[in-house]
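Participant: Below are the structure tokens for one structure; questions will follow.
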Amino acid sequence: MENIKLKMGFDDLIPELGGDGRYQALAVISFLLFYAATAWQYNITVFIAAHMQHWCHVPELAHLNHTTFMHIAVPLEENQFGEAMYSQCRVYDLNYSSVTAEGVTNWIPNGNTSTRKCNGYVYDTSRFTSTLVSQYDLVCDRKWLYTLAASAFMAGLFCGAFCSGALADRFGRQRTCFIMFALHFLTTMGAAVVPDYAAFLVLRGLVGASGLGAYTTLYAYNLEAMSKEARSKAFYIIMMGRLAKGGLVFLAYFIRNHIHLQIAASVCLLPGLIVVFFLPESPRWLMATGRWNEAEAVCKKIARINRVKLSEDFNLDKYREAYYENKTCEENEDNGKTNATILDLFRTPRLRKRTILTYCMWFTMIFLAFGIDLNVEKIIPGDVYLNMLSMTCLNELGGFVTGYIAIFKMKRRIVVTTWFIIAGVCVIAMAPLMLLGIPGIITALGLIGAMLVTNLWCLVYLFSGELFPTVARSVGMGSGSSLSRLGGLITPQLPLLGDIWYGLPYIVLGVVAILGGILVLCLPETKNRRLPDTLQEAEIFGTAKYDQDYAMDTATSIQAPLKEDGAQEENESML
């Protein structure tokens, strides 16, 4: 028993506080409310920066219908598939003020007529009444600016999780999450109304930084709130919450003006912000950082939420003593470390290797996910609303089945590897099918890849969160999430590879996915294992020594608590 007490931590304390009950359910609900609106910001670029068909504006011909105008003023060009199409950036260099009604009727275009660049543009408003493209004329010579909207958001993601991870590990999960969430709301609203494109890009960067900062912090909060038995079930419920992403498609379908769409999406952030404000601090983090008095107060609050009656002399003395007992001075210095940094993840060989492999896993997932999501209009044929609805809603339904198998029936490592490889093969297979002109199969393969990516979002967060120790969990997940955004910075430019060869974007996406999946096999399995709390525990995690020293059945030595009515609590949970 003495040896068991030495290994006691928050996992052992959970049964005493009522098991996985109302507090854990509240944590999951807070994440679902947060995610419901925040996830929209990842895909909203598809609509607010959507490409609009456009042609040169010729004021002298404004009275003509579109067909007649195109016939008279716009030269034909060949696209990358050798098909003839009207130019979107050039117009015949003629004196259109001299065109008469008879001339319009008898007009015969001359292929030798010189052309000139457009002085202005008209846009097709049949799908969108306005987007960033039409607001700032991000076409032709300014086309390269069009991809910056997505890239600015990705740049913000790159910075956000780094900052929030360090702040969350130093100042706490709940406080950091609320500050980031509040900043997310303000910048999202600001980006909707700012008139200057450069200012818009800055604010979109802040939207990404604050949104991901809140996301990774709240995710770590949920991970730390759950017992090892309930983690899989809780995160399956969280995965089901991804259905909320489909709400953006419905909102965008009825709101075709990009400014109004951004304002509406911003307002939907408020419910999650309110709930996060009332969450208590993570007791696991408080214990891991040596803030025992605060941890004790939070534990009493959790017991009240779970309707558990604690003894009047309840305290955490036995956990505090077990935490520090029989530690050498050097071990105490590290294990009691309250401000672990990213450098601590690289000090020991095994933890360094796993940190790098985890970063590779993150990069692969982000590169594949945004490579499909942000370019759905370009790489998957068909209606953008229907495709996005399939990817964000119908695809999620299929993802529940594969997700259930992945989380409950299979090992984390094997599932992540398999899903990466299958998704990569699907994307590569789309390239030759483009030449065969079979849009139905191409769309199906794209949706299968997107469905697997849906599972990977939850699995990679869960898997990496279980690998990092409590004292560095947020900074580990945050740094991994941030570094992976380098892949997100690249993905908006993927369609430009199509100018070299139409199939190159598909090949690049697929090869990266397959290679990333193979590397995941080098990581240890984490399913149903006790979470490492210290850097030393993380270094030996996945080894026989860890399994021997940190037995999984320690919690069984703690008697189930009593409910307030005096009845012994049954082995049930709200999750």
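The values are calculated or read from the model by the stated rules, or taken from the named source; none is laboratory data. Since we're looking at a predicted model, the values are computed, not measured. Heads up, the Cβs are rebuilt from the backbone with ideal geometry, glycines too, and the neighbour counts pull from every protein chain shown.
Participant: Given the criteria in contact with a Cys (Cβ under 8 Å, 6 or more places away or on another chain) and either buried (at least 23 other Cβ atoms within 10 Å of the Cβ) or at pLDDT below 80 (or both), does A152 qualify?
Facilitator: no
Participant: Tally the residues that are buried (at least 17 other Cβ atoms within 10 Å of the Cβ) and not in a helix (DSSP H, G or I), restricting the search to the stretch 268-286.
Facilitator: Looking only at that region, the number is 6.
Participant: Kindly establish whether F408 is at pLDDT below 80 and among the aromatic types (F, W, Y).
Facilitator: Yes.
Participant: If I filter the stretch 114-130 down to residues being under 19 Å from C89 (Cα atoms) and of a type in the set (F, W, Y), which single residue comes out as surrounded by the fewest Cβ atoms within 10 Å (Cβ to Cβ)?
Facilitator: Y121
Participant: Yes or no: L316 modelled with pLDDT of 75 or more, within 17 Å of E224 (Cα to Cα), hydrophobic (A, V, I, L, M, F, W, C) and surrounded by fewer than 22 Cβ atoms within 10 Å (Cβ to Cβ)?
Facilitator: No.
Participant: Working only within the stretch 433-458, note down all residues that are surrounded by fewer than 22 Cβ atoms within 10 Å (Cβ to Cβ) and closer than 30 Å to R350 by Cα.
Facilitator: Listed by number, the residues that qualify are W457, C458.
Participant: A further question follows. Is it true that some residue in the stretch 290-302 is out of contact with any strand residue (DSSP E or B) (no Cβ under 6 Å at 6 or more places or on another chain) and not in a helix (DSSP H, G or I)?
Facilitator: yes
Participant: For E16, which of the numbered conditions (1) of a type in the set (D, E, K, R); (2) touching a Ser or Thr at 6+ places or on another chain (Cβ under 9 Å); (3) not in a loop (DSSP other than H, G, I, E, B) fails to hold?
Facilitator: Among (1) of a type in the set (D, E, K, R); (2) touching a Ser or Thr at 6+ places or on another chain (Cβ under 9 Å); (3) not in a loop (DSSP other than H, G, I, E, B), the lone unmet condition for E16 is (2).
Participant: Counting just the residues of the stretch 251-263 that are assigned to a helix (DSSP H, G or I) and touching a strand residue (DSSP E or B) at 6+ places or on another chain (Cβ under 8 Å), which one comes out surrounded by the most Cβ atoms within 10 Å (Cβ to Cβ)?
Facilitator: H258
Participant: Could I ask something else about it? Could you look through the stretch 287-309, keep only residues that are buried (at least 18 other Cβ atoms within 10 Å of the Cβ) and in contact (Cβ under 8 Å) with a residue 60 or more places away in the chain, and pick out the one that is farthest from R173 (Cα to Cα)?
Facilitator: If we take residues in the stretch 287-309 being buried (at least 18 other Cβ atoms within 10 Å of the Cβ) and in contact (Cβ under 8 Å) with a residue 60 or more places away in the chain, then V308 is farthest from R173 (Cα to Cα).
Participant: If you take just the helices (runs of 4 or more DSSP H) that sit entirely in the stretch 159-250, which of them hold at least 3 residues that are at pLDDT 80 or above and surrounded by 24 or more Cβ atoms within 10 Å (Cβ to Cβ)?
Facilitator: In the stretch 159-250, the matching helices (runs of 4 or more DSSP H) lie at 173-193, 197-225.
Participant: Something else now. Can you pull out the residues in the stretch 138-147 that are of a type in the set (A, V, I, L, M, F, W, C) and surrounded by fewer than 21 Cβ atoms within 10 Å (Cβ to Cβ)?
Facilitator: Within the stretch 138-147, C140, W144, L145 qualify.
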